[in-house]
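The values are calculated or read from the model by the stated rules, or taken from the named source; none is laboratory data. Only a predicted model underlies this, so the values are computations on that prediction, with no experimental measurement involved. FYI the Cβ positions are ideal-geometry reconstructions off the backbone, even for glycines, and counts take in every protein chain you see. Each accessible area value is taken on the protein alone, full model and side chains, heavy atoms only, with ligands, DNA and RNA left out. Shrake-Rupley method; radii C 1.70, N 1.55, O 1.52, S 1.80 Å.
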Amino acid sequence: MENNTVKTREERRMSIFEKRELNMMKWVSFWRKNPHRFAAEYLDINLFFFQKIIIYMMNLIPNTKYIAARAQGKSYLTAVYIVIRAILYPGTKIVLASKTKNQAALIIKEKIVTLMNDHPAIAAEIID
């Protein structure tokens with residue numbers, strides 16, 4: 001019984017900024033475990049079920065390989081994951097490798113810029 005009253009007293013003493021930070025850290029922890037939900041809820045990106053699984057597995061397994069047929073959105077899904085990773089893990093160094101330098105640059109120039117234009121939450125998170 002005393003634990004509950006102590007807890008509420010501590011919560012009352014917390015400033016609004018401390019409460020906001022605590023709440024934000026709970027959400028960040030949840031979204032780090034569920035990046036597919038972060039894409040849907042925070043970034044407002046609609047993904048197909050198989051894309052949600054791929055995003056989840058990309059976050060779970062560091063060396064994920066996604067081999068797919070043409071026109072399955074490999075570059076788009078890679079761009080979405082890059083944005084999710086950069087937001088949820090600030091300071092992460094992201095290296096994009098491809099057969100040619102232009103191919104990797106296209107993901108950044110086209111896909112991420114398109115995501116920024118289509119989704120205001122992404123534009124708010126990216127400085128440059």
- Note on the structure: GNM of the chain, Cα pairs under 10 angstrom: of 75, 98, 29, the biggest fluctuation goes to 98
- Eligible lysines near residue 65 by straight Cα distance, threshold 21 Å, same-chain separation 8 or greater: 33, 52, 74, 93, 99, 101, 111
- Query: For the chain, which span is the longest to avoid every loop-located (per DSSP) member of trypsin sites (Lys or Arg not before Pro) having at most 16 other Cβ atoms inside 10 Å?
  - Reply: 1-64
- Out of these labelled values of mean projected area of the Cα convex hull in nm², (1) 10.6; (2) 9.3; (3) 8.4, which was calculated from the coordinates shown here? (1)
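Quick one: net charge around residue 31, please, counting Lys, Arg +1 and Asp, Glu -1 for every other residue with C-beta under 9 Å from its C-beta.
My count for the surroundings of residue 31 gives +2.
Run the accessible area of the chain with a 1.4 Å probe and give the carbon-and-sulfur part as a rounded percent.
Using a 1.4 Å probe with all protein chains present, the chain comes out at 57 percent carbon and sulfur.
Could you calculate the FRET efficiency of residue 124 with residue 96 from 1/(1 + (r/R0)^6), where r is the beta carbon distance between them and R0 is 25 Å, rounded to 0.05?
The pair residue 124/residue 96 has a calculated efficiency of 0.65.
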- How big is the charge dipole of the chain about its Cα centre, in debye rounded to the nearest 20, if each Lys and Arg gets +1 on its Cβ and each Asp and Glu gets -1 on its Cβ? 460 debye
- Task: Work out from phi, with θ = phi - 60° and the Karplus expression 6.51 cos²θ - 1.76 cosθ + 1.60, the ³J(HN,Hα) of each residue of segment 115-121, listed in order in whole Hz, and give x for Gly and Pro.
- Result: 4, 4, 5, 7, 10, x, 5
- Message: Please report the accessible area of residue 42 (heavy atoms, 1.4 Å probe, ligands and nucleic acids excluded) in Å², nearest 10.
- Response: 90 Å²
- In whole Hz, what ³J(HN,Hα) sequence does segment 78-83 give by Karplus (6.51, -1.76, 1.60; θ = phi - 60°), x for Gly and Pro? 5, 5, 4, 5, 4, 5
- Query: Remind me, relative contact order of the chain in percent, using alpha carbon pairs under 8 angstrom and six or more residues apart?
  - Reply: 23 percent
- Task: Tell me what the chain gives for mean residue ellipticity at 222 nm when only DSSP H runs of n ≥ 4 count, each as -39,500 (n - 2.57), the sum divided by the residue total, rounded to 500 deg cm²/dmol.
- Result: -19000 deg cm²/dmol
- Residues whose modelled amide H sits under 5 Å from the amide H of residue 45, counting only those 5 or more places away in sequence or on another chain, are 40
- Message: Apply the Karplus curve 6.51 cos²θ - 1.76 cosθ + 1.60, θ = phi - 60°, to the phi angles in segment 58-67 and return the couplings in whole Hz, x for Gly and Pro.
- Response: 4, 6, 7, 10, x, 9, 7, 10, 10, 10
